[in-house]
1. Amide H to amide H, which residues 5 or more places from L123 or on other chains are under 5 Å from it, using H placed in the peptide plane?
2. Note down the net charge around L100, summing +1 for each Lys or Arg and -1 for each Asp or Glu among other residues with Cβ under 11 Å from its Cβ.
3. How would you rank 51-60, 168-177, 104-113, highest first, on the average number of other Cβ atoms within 10 Å across their residues?
4. Which entries of K162/K205; K82/K162; K67/K202; K162/K202 have Cα-Cα distances beyond 26 Å here?
Amino acid sequence: MVRKVVSLRRAFKDEYLRPRSLRIVLNDTFFLNGRWRWEATGRVLCGRGVNRVQARRIASEIQLLIKEFALPIRVVVDHEPKRRANMLACVAAAMRGRQLDENEVVKRINLNRRDSRRLRPGLVILLHPGRVEPFGDRSEKERGVYGFSAPDGVCLLRCYRKEAVRHEFAHMLGLGEHCTNLDCVMNWECRSPSFCHSCLRKIRKICCVQCD
């Protein structure tokens, strides 16, 4: 068996995925209709809101996960001032005191993506935990203590923690539900850095590796 490796840049003429032409093919069943297909750019940008060292650690952890699943995606810590300003402007516009409307952030970033290429890759934004409350309603049991991710390619992290980074990036890939297995990284509490067999199967179904 020989794996096909097809360049993302050759395979796409726009932002939208063309199934069977890539090493990674995302199954739309796991996503909401009309999501932004960030994976077509082949890049994830880690934009630091506050801490450069933590941004590097996050990028390294995501790169390990990408290697684990053999995905044709590159991760970099982004230093472009205009892009950072654009990202933080989307976040600031969705702030209500210390409460951040995560869905509003995704909406604003997607609107920005239509007019500019700057925010089109996958985006991981590190926030200041002291300035942003956990995501979700205060009455919810499974609040986003560490972060929030959307399959549109937007991940908002309140802090660096290995398990949380892996958990949120799996959500960003399209794994929507939490796992009941306490030893799985997709459990709400993120106690373990490992995926259970069930979640591994789901991720591999989302990211289908094309083989001959």
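Taken together, the values in this text are just the output of simple stated rules run on the coordinates, not laboratory data. Please read all numbers here as calculations on a predicted model, not as lab measurements. A quick note on method: Cβ atoms are made from the backbone with ideal geometry, for glycine too, and the neighbour counts reach across all protein chains shown.
1. L45, V154, C155
2. My count for the surroundings of L100 gives 0.
3. With the highest mean Cβ count within 10 Å placed first, the list reads 168-177, 104-113, 51-60.
4. Exceeds cut-off: K82/K162.
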